[in-house]
Amino acid sequence: MEKITPNIIFNISNDISDEIIKDEALKIMRACFQCGTCTGSCPSGRRTAIRTRQIMREAVLSLDEVLSDEDIWLCSTCYTCYERCPRNIPVTDVIIKIRNLATQRGFIKPAHQKVTQILADTGHGVPLGLKNNSEENQWSKARESYGLSKIPPTTHAHPEAVLDIQKLMKLTNFDKLLKLELQSTNEEK
Ligand code: SF4
């Protein structure tokens with residue numbers, strides 16, 4: 001009897017989905033039945049082209065495309081999809097895990113890389129811009145009007161703590177992953 005030969009060879013690996021479900025809480029992602037409730041409920045989807053259902057499909061099928069899919073960065077992590085998913089899948093947490101995997105494998109946008117450098121330099125992803133007098137006045141006045149200290153008790157008030165943050169980045173190899181330029185500490189000299 002003649003054998004049927006496929007005209008497309010599918011090379012399927014479970015690498016990506018296996019990585020995602022290493023987190024016990026995310027194992028349930030394989031119960032996704034593609035209803036699209038997450039896409040229909042997504043507040044970000046009202047302003048962007050994010051297709052959450054498609055992200056879930058790519059993740060469950062372990063398609064490499066999910067790592068380079070710009071949609072994974074359009075999620076605002078509001079958790080509406082998780083609240084509404086009929087399978088009770090923590091969709092937002094799956095997307096966060098995919099972002100981590102994408103970054104570990106080099107799929108990161110230049111703008112996000114810049115934010116990590118700002119974090120390394122200041123201890124804040126979005127610093128207050130205190131060197132700029134007008135902004136200092138604006139933020140400080142706003143804080144004082146709420147009965148808060150003029151400068152927040154973060155690295156803005158304790159700039160020496162930035163070195164501790166950089167130390168953590170080095171210990172976890174976060175600096176190498178994101179190609180960050182860090183100050184050398186006295187211990188390293
Ligand atoms: Fe899958 Fe849940 Fe999204 Fe439906 S709402 S497509 S089950 S993740």
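Each value in this text was obtained by applying a stated rule to the coordinates, not by laboratory testing. Bear in mind the structure is a predicted one, so any value in this text is a computation, not a measurement. Please note: Cβ atoms are built from the backbone with ideal geometry, for glycine as well, and neighbour counts cover all protein chains shown.
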- Karplus-derived 3J(HN,Hα) from phi for region 112-129 (6.51 cos²θ - 1.76 cosθ + 1.60, θ = phi - 60°), whole Hz, x at Gly and Pro, runs 5, 4, 5, 4, 5, 5, 5, 4, 5, 7, 10, x, 10, x, 10, x, 7, x
- Find which of 34, 110, 137 sits farthest along the positive direction of the dipole of the chain, computed with +1 on the beta-carbon of Lys and Arg, -1 on that of Asp and Glu, about the Cα centre. 34
- Query: Using a simple charge model, +1 on the beta-carbon of Lys and Arg, -1 on the beta-carbon of Asp and Glu, nothing else, what dipole does the chain show about its Cα centre, in debye to the nearest 20?
  - Reply: 460
- Which three semi-axes in whole Å describe the equivalent ellipsoid of the chain, each the square root of 5 times a Cα gyration tensor eigenvalue, listed largest first? 41, 23, 14
- Item | Helix-only CD estimate at 222 nm, as mean residue ellipticity for the chain, using -39500 (n - 2.57) per DSSP H run (n ≥ 4) | -12000 deg cm²/dmol
- Measuring from its Cα centre, region 104-179 shows a charge dipole (+1 at each Lys and Arg Cβ, -1 at each Asp and Glu Cβ) which, in debye to the nearest 20, is 360
- Item | Ordering of 166-174, 96-104, 142-150 by burial proxy (mean other Cβ atoms within 10 Å per residue, highest first) | 96-104, 166-174, 142-150
- Sequence of 24, 19, 65 once ranked by neighbouring C-beta atoms within 10 Å, starting from the fewest: 24, 65, 19
- Query: ³J(HN,Hα) across region 67-83 via Karplus (A = 6.51, B = -1.76, C = 1.60, θ = phi - 60°), whole Hz, x for Gly/Pro?
  - Reply: 6, 9, 6, 4, 4, 4, 8, 8, 5, 9, 6, 7, 6, 4, 4, 5, 4
- Would you mind ranking 78, 38, 32 by Cβ crowding within 10 Å, fewest neighbours first? 78, 32, 38
- Message: On a 24 Å Cα-Cα criterion, which of the cross-link pairs 27/179; 109/179; 114/141 come out too long?
- Response: 27/179; 114/141
- Query: Which whole-Hz ³J(HN,Hα) couplings does region 93-105 yield from phi under the Karplus relation 6.51 cos²θ - 1.76 cosθ + 1.60, θ = phi - 60°, glycine and proline marked x?
  - Reply: 5, 5, 5, 4, 5, 5, 4, 4, 4, 4, 5, 4, 9
- Can you tell me the 0 to 90 degree angle between the C-alpha axis of helix 133-145 and the longest principal axis of the chain, rounded to 10? 90
- Using only C-alpha positions, report the orientation-averaged shadow area of the convex hull of region 30-101, nm², one decimal. 4.1
- Message: Which residue fluctuates most in the GNM of the chain (Cα springs below 10 Å): 43, 153, 127?
- Response: 153
- region 38-128 - charge dipole about Cα centre, Lys and Arg +1 at Cβ, Asp and Glu -1, debye rounded to 20: 220
- Message: How tilted is helix 161-171 with respect to the longest principal axis of the chain? Cα atoms for both, answer in degrees (0 to 90, nearest 10).
- Response: 30
